[in-house]
Structure formats: C-alpha cells, structure tokens
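Laboratory data are not the source of any read-out in this text; all were calculated from the coordinates shown. Bear in mind the structure is a predicted one, so any value in this text is a computation, not a measurement. Here the Cβ positions follow ideal geometry from the backbone for every residue, glycine too, while neighbour counts run over all protein chains shown.
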Amino acid sequence: MKDLVQSLELGVAQRSGVEKKRPKILLRSELSRVGLAEFLSTYVMMALGLGSVAQVVTGQGVFGQYLSINLGFGLAVAMGVQVGGNVSGAHMNGAVSFTMCVFGRLPWKRLPLYIFVQLFGSFLAAATIYAIYYEAIYDYCGGNLTVTGERATAGIFATYPAPYLSLIGGFVDQVFGTAMLLLCLMALSDQKNKPGARGTEPIVVGLLVVLIGISLGSNSGYAINPTRDIAPRVFTAIAGWGSDVFRSGNGWWWVPLVATPIGGVLGAGVYKVFVEMQHPRFSGQDIETSEDESLPLKKERNICSDVCVKLETNGNS
C-alpha cells in the first residue's frame, strides 16, 4: 500500500560519536493517523470507563461506589487524551467533534471519520468489557440479562434515566451537562485566557469529567456523549439484553443522541460570546495568532508528518 512505508530507515544519527539507527513504520496518510489515534483514544477511554462501572455493579458495593465510577471515567478520559491528544485531538465524543466543526476548528469533511471511529471504538470496548466481566455479570444477575430491576446490568454499558425523570427533564439534563463540558473545554483551551498548562491537559480534562459526574450525574448517568452511549447500547441489544435497551425509560435512547450536540454548541457558543470574543486585540500580531487560541481542541500539527517530510527532504538532497 502506498500509504504504508515499510521499515522506514531514519538513517544514521551522529550523536556523541555513537551511531544510532531508528527504524520506523509510518503511515503517510494524515487521515489514517488521525483515525487510528481517535479510535485508540476512544477505545481506551471506554474500556477503562465501562470497566469501572462493571466492577461497581457486579461487586455490589464491595469494589467501589458511585464515586468510583466518576473517578474511573475521569481518569479514563485523561488516559484517552494522553493516547491521541496531539494526533487527533482525542475528542472521543461526537458532540465535541460536531461542535468543533460548527466553530470551524475541525473540517466538516472529517466529521464522518471521527464519528465512525468513535462508534467503533466504543462498540469494541463494550464487547471487551462484556467478555472480561462475563462471569461476574452472569453471577450477579443469575443469567437473566435485564435493563431494569434490582439486578439490572444494561446500565453497565449505556445510560438510563432515573425512574422519576421525564424525557423533557432528561433532555434538559443532557443539554446542560454537555454545554458545561464544552464551555469548560473552550475555556481550558483559550490561549488568551487561562488555559491548562502545557502537558497537564489530560489530567485537567479528566478532572472536568469527574466534576460533571459528581454534580450532574444522578439524573441519567451523564452520558454527555452520543457516540459513547449509542454504540454500547447497540452491543447490549445484540449480546442478549434485546430491544428493551431502546424501549426503557420511555424510549430514552434518542435523548443522548440529540441533546448532547445541541448542548455542546450552546456551551461553546456561550463561552465564545461572553469571553473569547471580548478579548482585546492590541496589535496585528494578535490577529495572526488568533488561530491558535484553542490548540487542545484543534488537531495539532502531527509530529509524525514533520518527520516524514524531513526524511524525504534529506533523502533527496
């Protein structure tokens, strides 16, 4: 394949008189690198996050409580950002990707790629956790896979509303939760305000998810992510929980799909109008650098592509 450079030799580097050869296998296609990084980021985030839920549910309180799930998902998000942050931006969230397209920080033509790999990563992560916790799940529920009830296990993989929550209330809940997520992400990436210190972005974003969980999670499990919710839900429908995963909660399944992109755009828009657009411009230099105001949410320049270009240049000289 032309996109794959097999056993690329980086040459001989003279450092302190010692020769070093660094063979590399690199993908030439930037889209391929972005897709693979986004997929792996999403898979890591979902596998570790769903694993924390499975451990709490099947452990019946012995291996953690609700706070464990919040911490688990927050740290899982941090690890996902660490895995692919500088390559794809590690959105791991269809609402984030959609919002970045709306505000011109991700080309619309790349949205299908992001959505596809996020769905695939989430689905595969759900299948992985199901396999790892298969015996624990069946021991916990006695082999009866249910969506509701005292021994319900579908909530390990997807979100479901509390019994008291109406669809309207749940819709508002998801809009607000996702709005807070994107508002804060915009703030953390605003280079003219108070951005997260370089290198600390994964931890800061993870802490943001923990905060949303412990403040806005009890109504419906704070999905705040359409791809995170629908892919595992489809898996559970296939794996034995059946169509109840779509009927439960008065047909709750569509709420995280529709409400979260709306909330993301609203939250990011509020920050942009109230803060970002109000930054004073002191010189032409500010205008030139304005494109870098939200680097962590934009796809940063890929280090790997730079290496390829330099190698090709050196090789032809």
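Convert each backbone phi in segment 246-251 into a coupling constant with the Karplus relation 6.51 cos²θ - 1.76 cosθ + 1.60 (shift: θ = phi - 60°), then list the ³J(HN,Hα) values in order as whole Hz, x for Gly and Pro.
Each residue of segment 246-251 in turn: 9, 8, 4, x, 6, x Hz.
Once phi is turned into θ = phi - 60°, what whole-Hz ³J(HN,Hα) does the Karplus curve with 6.51, -1.76 and 1.60 give for every residue of segment 137-142, x standing for Gly and Pro?
5, 6, 5, 5, 9, x
How are the C-alpha pair distances of segment 39-78 spread across 5 Å bins, as whole percents from the shortest bin up?
6, 30, 29, 19, 11, 4, 1
For Phe274 and Gln65, compute 0.36 nm times the residue count separating them, minus their Cα-Cα distance, and round to one decimal in nm. It would help to have the intermediate numbers written out before the result.
Details: separation 209, 0.36 × 209 = 75.24 nm, distance 3.77 nm.
Working it through step by step, the gained length comes to 71.5 nm.
For the pair Lys194 and Trp108, how long in nm is the line joining their label points, each one 7 Å along Cα→Cβ?
Label at Lys194, label at Trp108, 3.7 nm between them.
So who's got an amide H within less than 5 Å of the one on Arg28, skipping anything under 5 residues away but keeping other chains? H placed 1.01 Å off N, in plane.
Long-range HN contacts for Arg28: Leu4, Val5.
Determine, for each peptide in 76-87, 49-60, the mean count of other beta carbons within 10 angstrom over its residues, then list the peptides with the highest first.
On the way: 76-87: 22.6, 49-60: 20.2.
Per-residue mean Cβ counts within 10 Å order the peptides as 76-87, 49-60.
Using the basic label-point model (7 angstrom from Cα toward the beta carbon), what is the Asn144 to Ser29 distance in nanometres?
4.9
Of the peptides 250-258, 105-113, how do they stack up when ordered by the mean number of other Cβ atoms within 10 Å, highest first? Mind showing how you got there, number by number?
Values: 250-258: 18.0, 105-113: 14.8.
Packing proxy ranking, top to bottom: 250-258, 105-113.
Starting at 0 and stepping by 10 Å, how many percent of the alpha carbon pairs of segment 117-264 end up in each bin?
P(r) for segment 117-264, in whole percents per bin: 11, 36, 34, 15, 4, 0.
Using θ = phi - 60° and the Karplus curve 6.51 cos²θ - 1.76 cosθ + 1.60, what whole-Hz ³J(HN,Hα) does each residue of segment 89-94 get, with Gly and Pro shown as x?
Result, ordered by residue: x, 6, 5, 6, 7, x Hz.
Provide the FRET efficiency to the nearest 0.05 for the Ala162-Ile132 pair, computing r from the beta carbons and using R0 = 25 Å.
Numbers: r = 28 Å, r/R0 = 1.10.
E(calc), rounded to 0.05, equals 0.35.
From the mean inverse distance of alpha carbon pairs (Kirkwood) and the Cα radius of gyration, derive Rg over Rh for segment 30-299.
On the way: Rg = 18.6 Å, Rh = 18.8 Å.
My calculation puts Rg/Rh at 0.99.
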